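The values are calculated or read from the model by the stated rules, or taken from the named source; none is laboratory data. As the structure is a prediction and not an experimental result, all values here were calculated from the model. Here the Cβ positions follow ideal geometry from the backbone for every residue, glycine too, while neighbour counts run over all protein chains shown.
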Amino acid sequence: MITLYHCMSARSFRPLWTLEELGLPFELKMLPFPPRALALDYLDVNPLGTIPLLVDGQTRMTESAAICQYLCARGAPTPLNVEPTEADFGAYLNYLHFGEATLTFPQTLVLRYARFEPESRRQPQVAEDYARWFLARLRTLEPLLSSRACLCEDRFTAADISVGYALLLAEHLGLTARFTPAVQAYWSRLKQRDGYVRALQTQERAARAQGVSVVPAPDATGSP
Ligand SMILES: N[C@@H](CCC(=O)N[C@@H](CS)C(=O)NCC(=O)O)C(=O)O
């Protein structure tokens, strides 16, 4: 049985969404955010203190995009995966990792300097500069999404989940009004997917059942 350690709407949402799309059985362990301060026992399981952590037998993984890649490759054949023999294999891997390394990274600076630091250490100018940097990077998707519904192979894949999570985070940061039109339309389509809606419902149900706050991690303020 796969176990996923997760905080509400944090990056571990990528593997959760993937698991829901694949219809695989899994156990979801909810943690308060940030676990390194609010769930100290978690450091015994994952010394990094970050989420996600996915445990599947002897396999332990802590990178959200890599976990999506792992789940889809192991779950193949599935339309969520792009095979090496398909034309968009390179684009698939690129967008899968673009979602985290290129799009989510600048947003973490926005989160930190607009929300997570104590009031006295917040830096609105730094937050705005990194928001602009994120939006400039996101804009590069506009030409592609003006002519295609999804990022690769004209079908929904794990690459859309990875980039889609960056858009979810941007929504929490109040940045969606600054999306370009095709990106805006793409995000609206992603949010209508059954797998996405199920993932939102699953995390909320699990948080309530496990006595964990349902406040999304990106909306937590003044985190220790
Ligand atoms: N590159 C990693 C980043 C993991 C990460 O930094 N997760 C954040 C939540 S979205 C976290 O656990 N932050 C709490 C902390 O750093 O203590 C991934 O994509 O999974």
Exercise. Can you pull out the residues in region 37-65 that are within 8 Å of the ligand (Cβ to nearest atom), within 19 Å of the chain's Cα centre (by Cα), at negative phi and of a type outside the set (Ser, Thr, Tyr)?
Worked result: Leu48, Ile51, Pro52, Glu63, Ala65
For this session: Return the pairs, sorted by first residue and then second, in which the second residue is within 11 Å of the ligand (Cβ to nearest atom) and not acidic (Asp, Glu), the first residue lies in region 45-68 and is farther than 24 Å from Pro218 by Cβ, the beta carbons are less than 7 Å apart, and the residues are 6+ apart or on different chains.
Result: Arg60/Leu53
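Tell me whether region 141-154 contains one or more residues that are of a type in the set (D, E, K, R) and within 16 Å of the ligand (Cβ to nearest atom). Full working, then the answer.
We begin by selecting, within region 141-154, every residue of a type in the set (D, E, K, R); these are 142, 148, 153-154.
Pick out the ones that are also within 16 Å of the ligand (Cβ to nearest atom) and you get none.
Scanning region 141-154, I find no residue that is of a type in the set (D, E, K, R) and within 16 Å of the ligand (Cβ to nearest atom), so the answer is no.
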Problem set entry | Any pair with Cβ under 7 angstrom, 6 or more apart, that starts in region 170-186 at a residue that is over 22 Å from Thr221 (Cα atoms) and part of a loop (DSSP other than H, G, I, E, B) and ends at one that is modelled with pLDDT of 95 or more and among the acidic types (Asp, Glu) | Thr180/Glu142
Seminar exercise, completed: Residue count, region 35-45, condition at pLDDT 95 or above, surrounded by 18 or more Cβ atoms within 10 Å (Cβ to Cβ) and not aromatic (Phe, Trp, Tyr), comes to 2
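Just checking, does region 129-151 include any residue being without any contact (Cβ under 8 Å) to a residue 40 or more places away in the chain and touching a Lys or Arg at 6+ places or on another chain (Cβ under 6 Å)? Walk me through how you get there before you give the answer.
If we filter region 129-151 for residues that are without any contact (Cβ under 8 Å) to a residue 40 or more places away in the chain, which is where we start, we get 129-130, 132-133, 136-137, 140, 143-144, 146-148, 150.
Within this subset, residues satisfying the condition of being touching a Lys or Arg at 6+ places or on another chain (Cβ under 6 Å) are none.
No, region 129-151 has no match at all.
What residue, of Thr104, Thr85, is modelled with pLDDT of 95 or more, within 13 Å of the ligand (Cβ to nearest atom) and not hydrophobic (A, V, I, L, M, F, W, C)? Break it down stepwise before answering.
On the way: Thr85 fails: within 13 Å of the ligand (Cβ to nearest atom).
Every option except Thr104 fails the conditions.
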Problem set entry | Of all residues making up region 69-101, the number that are part of a loop (DSSP other than H, G, I, E, B), among the charged types (D, E, K, R) and either under 14 Å from Arg11 (Cα atoms) or touching a residue at least 40 places away in the same chain (Cβ under 8 Å) (or both) | 2
Exercise. So, in region 1-36, of the ones that are in contact with a helix residue (DSSP H, G or I) (Cβ under 6 Å, 6 or more places away or on another chain) and of a type in the set (D, E, K, R), which residue ends up nearest to the ligand (Cβ to nearest atom)?
Worked result: Arg11
